[in-house]
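Enquirer: Let me begin by handing over the structure; questions about it come next.
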Amino acid sequence: MEQTLGIIKPDAVKKNLIGKIISIIEEKGFKIRAMKMLKLREEDAKSFYFVHREKPFYNDLVKFMTSGPVVVLLLEKENAIADWRKTMGATNPAEAEEGTIRKLFAESIQNNAVHGSDSPENALIEINFFFNKIERV
Ligand code: ATP
Ligand code: MG
(Lines give C-alpha, C1' and ligand atoms only; values in the text may rest on other atoms or scores of the structure.)
(Ligands and ions follow the chains in the order given, each with its own letter.)
Protein backbone atom coordinates (compact mmCIF):
# COMPACT_ATOMS: atom_id res chain seq x y z
CA MET A 1 0.00 0.00 0.00
CA GLU A 2 1.17 3.50 -0.84
CA GLN A 3 0.10 6.84 0.59
CA THR A 4 -0.14 10.27 -0.99
CA LEU A 5 -1.27 13.74 0.00
CA GLY A 6 -4.23 15.34 -1.74
CA ILE A 7 -5.55 18.88 -1.37
CA ILE A 8 -8.92 20.23 -2.50
CA LYS A 9 -7.81 23.77 -3.37
CA PRO A 10 -9.63 27.05 -2.51
CA ASP A 11 -11.33 27.37 -5.92
CA ALA A 12 -13.04 23.98 -5.55
CA VAL A 13 -13.98 24.53 -1.89
CA LYS A 14 -15.56 27.90 -2.82
CA LYS A 15 -17.66 26.22 -5.50
CA ASN A 16 -19.02 23.56 -3.08
CA LEU A 17 -17.19 20.76 -4.86
CA ILE A 18 -15.79 18.99 -1.77
CA GLY A 19 -18.43 16.25 -1.86
CA LYS A 20 -18.15 15.60 -5.59
CA ILE A 21 -14.35 15.36 -5.41
CA ILE A 22 -14.47 13.03 -2.39
CA SER A 23 -17.00 10.85 -4.26
CA ILE A 24 -14.53 10.46 -7.13
CA ILE A 25 -11.73 9.65 -4.66
CA GLU A 26 -13.84 6.88 -3.10
CA GLU A 27 -15.09 5.55 -6.45
CA LYS A 28 -11.48 5.21 -7.63
CA GLY A 29 -10.72 2.96 -4.68
CA PHE A 30 -8.69 5.26 -2.42
CA LYS A 31 -9.05 4.88 1.34
CA ILE A 32 -9.10 8.19 3.21
CA ARG A 33 -6.75 7.79 6.18
CA ALA A 34 -6.90 11.40 7.39
CA MET A 35 -8.84 14.51 6.39
CA LYS A 36 -9.30 18.10 7.60
CA MET A 37 -10.21 21.60 6.49
CA LEU A 38 -7.85 24.47 7.20
CA LYS A 39 -6.74 27.82 5.87
CA LEU A 40 -3.11 28.09 4.91
CA ARG A 41 -1.22 31.13 6.17
CA GLU A 42 1.19 32.83 3.79
CA GLU A 43 4.19 31.16 5.46
CA ASP A 44 2.54 27.71 5.13
CA ALA A 45 1.82 28.11 1.40
CA LYS A 46 5.33 29.48 0.80
CA SER A 47 7.02 26.52 2.42
CA PHE A 48 4.60 24.00 0.90
CA TYR A 49 5.41 25.26 -2.62
CA PHE A 50 9.07 26.10 -1.81
CA VAL A 51 10.26 24.12 -4.87
CA HIS A 52 8.50 26.67 -7.09
CA ARG A 53 9.99 29.76 -5.36
CA GLU A 54 11.90 30.81 -8.50
CA LYS A 55 8.92 30.39 -10.84
CA PRO A 56 7.15 33.48 -12.23
CA PHE A 57 3.80 32.18 -10.93
CA TYR A 58 5.01 31.63 -7.32
CA ASN A 59 3.59 34.80 -5.71
CA ASP A 60 0.21 34.39 -7.39
CA LEU A 61 0.16 30.72 -6.42
CA VAL A 62 0.77 31.60 -2.76
CA LYS A 63 -2.01 34.23 -2.92
CA PHE A 64 -4.38 31.72 -4.47
CA MET A 65 -3.60 28.94 -1.98
CA THR A 66 -4.22 31.32 0.96
CA SER A 67 -7.38 32.82 -0.55
CA GLY A 68 -9.75 30.48 1.30
CA PRO A 69 -10.04 27.16 3.10
CA VAL A 70 -8.63 23.94 1.66
CA VAL A 71 -9.34 20.30 2.48
CA VAL A 72 -6.26 18.11 2.97
CA LEU A 73 -6.50 14.34 2.56
CA LEU A 74 -4.21 11.44 3.29
CA LEU A 75 -5.04 8.91 0.55
CA GLU A 76 -4.05 5.25 0.50
CA LYS A 77 -4.17 2.64 -2.23
CA GLU A 78 -1.79 0.51 -4.27
CA ASN A 79 0.11 2.88 -6.52
CA ALA A 80 -1.59 5.84 -4.81
CA ILE A 81 0.83 8.55 -5.97
CA ALA A 82 0.56 7.84 -9.70
CA ASP A 83 -3.13 6.90 -9.52
CA TRP A 84 -4.08 10.11 -7.70
CA ARG A 85 -2.18 12.19 -10.25
CA LYS A 86 -3.99 10.30 -13.03
CA THR A 87 -7.34 10.91 -11.30
CA MET A 88 -6.52 14.65 -11.01
CA GLY A 89 -5.48 15.07 -14.66
CA ALA A 90 -2.91 17.42 -16.19
CA THR A 91 -1.93 20.65 -14.38
CA ASN A 92 -3.44 22.67 -17.23
CA PRO A 93 -7.14 21.71 -17.51
CA ALA A 94 -7.00 22.39 -21.25
CA GLU A 95 -4.67 19.38 -21.49
CA ALA A 96 -6.47 17.19 -18.94
CA GLU A 97 -8.10 13.93 -20.02
CA GLU A 98 -11.89 13.53 -20.03
CA GLY A 99 -13.29 12.42 -16.69
CA THR A 100 -10.36 13.73 -14.64
CA ILE A 101 -11.03 16.10 -11.72
CA ARG A 102 -9.19 18.97 -13.38
CA LYS A 103 -11.05 18.45 -16.68
CA LEU A 104 -14.34 18.48 -14.78
CA PHE A 105 -13.70 21.26 -12.27
CA ALA A 106 -10.50 23.31 -12.86
CA GLU A 107 -10.85 26.94 -13.95
CA SER A 108 -7.27 27.55 -15.13
CA ILE A 109 -3.70 26.30 -14.90
CA GLN A 110 -3.49 28.02 -11.49
CA ASN A 111 -7.00 27.47 -10.11
CA ASN A 112 -6.92 23.78 -10.82
CA ALA A 113 -9.06 22.30 -8.04
CA VAL A 114 -6.68 19.74 -6.54
CA HIS A 115 -3.10 18.97 -5.56
CA GLY A 116 -1.26 15.68 -5.45
CA SER A 117 2.22 14.65 -4.33
CA ASP A 118 4.59 13.92 -7.21
CA SER A 119 7.00 11.38 -5.65
CA PRO A 120 7.35 9.06 -2.63
CA GLU A 121 9.82 11.50 -1.01
CA ASN A 122 7.48 14.47 -1.42
CA ALA A 123 4.43 12.44 -0.36
CA LEU A 124 6.14 11.70 2.96
CA ILE A 125 7.20 15.33 3.46
CA GLU A 126 3.71 16.63 2.57
CA ILE A 127 1.85 14.08 4.75
CA ASN A 128 4.08 15.01 7.71
CA PHE A 129 3.52 18.70 6.96
CA PHE A 130 -0.25 18.37 7.53
CA PHE A 131 -0.96 15.36 9.75
CA ASN A 132 0.40 14.26 13.10
CA LYS A 133 0.20 10.64 14.31
CA ILE A 134 -3.11 10.90 16.15
CA GLU A 135 -4.85 12.27 13.04
CA ARG A 136 -3.96 9.23 10.90
CA VAL A 137 -6.18 6.15 11.05
P1 ATP B 1 0.23 20.39 -7.71
O2 ATP B 1 1.68 20.43 -7.23
O3 ATP B 1 -0.62 21.50 -7.16
O4 ATP B 1 -0.36 19.03 -7.50
P5 ATP B 1 1.14 19.93 -10.37
O6 ATP B 1 2.13 19.01 -9.74
O7 ATP B 1 0.26 19.39 -11.44
O8 ATP B 1 0.20 20.57 -9.28
P9 ATP B 1 3.19 21.94 -10.41
O10 ATP B 1 4.08 22.13 -11.59
O11 ATP B 1 3.74 21.28 -9.19
O12 ATP B 1 1.87 21.21 -10.93
O13 ATP B 1 2.62 23.38 -10.02
C14 ATP B 1 2.06 23.62 -8.75
C15 ATP B 1 0.84 24.48 -8.90
O16 ATP B 1 1.25 25.77 -9.35
C17 ATP B 1 -0.15 24.02 -9.97
O18 ATP B 1 -1.03 23.05 -9.53
C19 ATP B 1 -0.87 25.31 -10.28
O20 ATP B 1 -1.83 25.64 -9.26
C21 ATP B 1 0.29 26.32 -10.23
N22 ATP B 1 0.91 26.48 -11.56
C23 ATP B 1 1.73 25.60 -12.20
N24 ATP B 1 2.13 26.08 -13.40
C25 ATP B 1 1.56 27.30 -13.51
C26 ATP B 1 1.58 28.33 -14.50
N27 ATP B 1 2.28 28.18 -15.63
N28 ATP B 1 0.86 29.46 -14.27
C29 ATP B 1 0.16 29.61 -13.13
N30 ATP B 1 0.10 28.70 -12.14
C31 ATP B 1 0.77 27.56 -12.33
MG1 MG C 1 3.36 19.58 -8.09
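Enquirer: If the requirement is being within 23 Å of Glu121 (Cα to Cα), surrounded by 20 or more Cβ atoms within 10 Å (Cβ to Cβ) and either in contact with a Ser or Thr (Cβ under 9 Å, 6 or more places away or on another chain) or at pLDDT 95 or above (or both), which of these qualifies: Leu61, Leu73? Full working, then the answer.
Expert: Values: Leu61 fails: surrounded by 20 or more Cβ atoms within 10 Å (Cβ to Cβ).
The match here is Leu73.
Enquirer: I would also like to ask the following. Listed residues Thr87, Thr100; which is crowded, with 16+ Cβ neighbours inside 10 Å, farther than 15 Å from Glu2 by Cα, within 12 Å of ligand 1 (Cβ to nearest atom) and free of Cβ contacts under 8 Å to residues at least 24 places away in the same chain?
Expert: Details: Thr87 fails: free of Cβ contacts under 8 Å to residues at least 24 places away in the same chain.
Exactly one of Thr87, Thr100 is crowded, with 16+ Cβ neighbours inside 10 Å, farther than 15 Å from Glu2 by Cα, within 12 Å of ligand 1 (Cβ to nearest atom) and free of Cβ contacts under 8 Å to residues at least 24 places away in the same chain, namely Thr100.
Enquirer: Answer yes if at least one residue in the range 114-132 is of a type outside the set (D, E, K, R), in a loop (DSSP other than H, G, I, E, B), over 13 Å from the mean Cα position of the chain (by Cα) and over 23 Å from Glu2 (Cβ atoms), and no otherwise. Spell out the reasoning first.
Expert: Narrowing the range 114-132 to residues of a type outside the set (D, E, K, R): 114-117, 119-120, 122-125, 127-132.
With in a loop (DSSP other than H, G, I, E, B) added as a condition, the list becomes 117, 119, 131-132.
Filter once more, so that each one left must be over 13 Å from the mean Cα position of the chain (by Cα): 119, 131-132.
Filter once more, so that each one left must be over 23 Å from Glu2 (Cβ atoms): none.
No, every residue in the range 114-132 fails to be of a type outside the set (D, E, K, R), in a loop (DSSP other than H, G, I, E, B), over 13 Å from the mean Cα position of the chain (by Cα) and over 23 Å from Glu2 (Cβ atoms).
Enquirer: Oh, and also: State all residues of the range 21-58 that are surrounded by fewer than 16 Cβ atoms within 10 Å (Cβ to Cβ) and among the charged types (D, E, K, R); if no residue qualifies, say none. Walk me through it before giving the result.
Expert: Taking the range 21-58 first, the residues surrounded by fewer than 16 Cβ atoms within 10 Å (Cβ to Cβ) are 23, 26-29, 31-32, 36-39, 41-43, 47, 50-57.
Correct list: Glu26, Glu27, Lys28, Lys31, Lys36, Lys39, Arg41, Glu42, Glu43, Arg53, Glu54, Lys55.
Enquirer: So, of the residues in the range 103-114 that are within 12 Å of ligand 1 (Cβ to nearest atom) and either among the hydroxyl-bearing types (Ser, Thr, Tyr) or crowded, with 22+ Cβ neighbours inside 10 Å (or both), which turns out to be farthest from Phe50 (Cα to Cα)? Before the answer, list the steps.
Expert: Looking only at the range 103-114, we keep the residues that are within 12 Å of ligand 1 (Cβ to nearest atom), and these are 106-114.
Now restrict to residues that are either among the hydroxyl-bearing types (Ser, Thr, Tyr) or crowded, with 22+ Cβ neighbours inside 10 Å (or both): 106, 108, 112-114.
Values: Ala106: 23, Ser108: 21, Asn112: 19, Ala113: 20, Val114: 18 Å.
Checked the range 103-114; the qualifying residue farthest from Phe50 (Cα to Cα) is Ala106.
The values are calculated or read from the model by the stated rules, or taken from the named source; none is laboratory data. Since this is a predicted model, take the numbers as computed values, not measurements. Because the Cβ atoms are built from the backbone with ideal geometry, glycine has one as well, and the counts that use them run over all protein chains shown.
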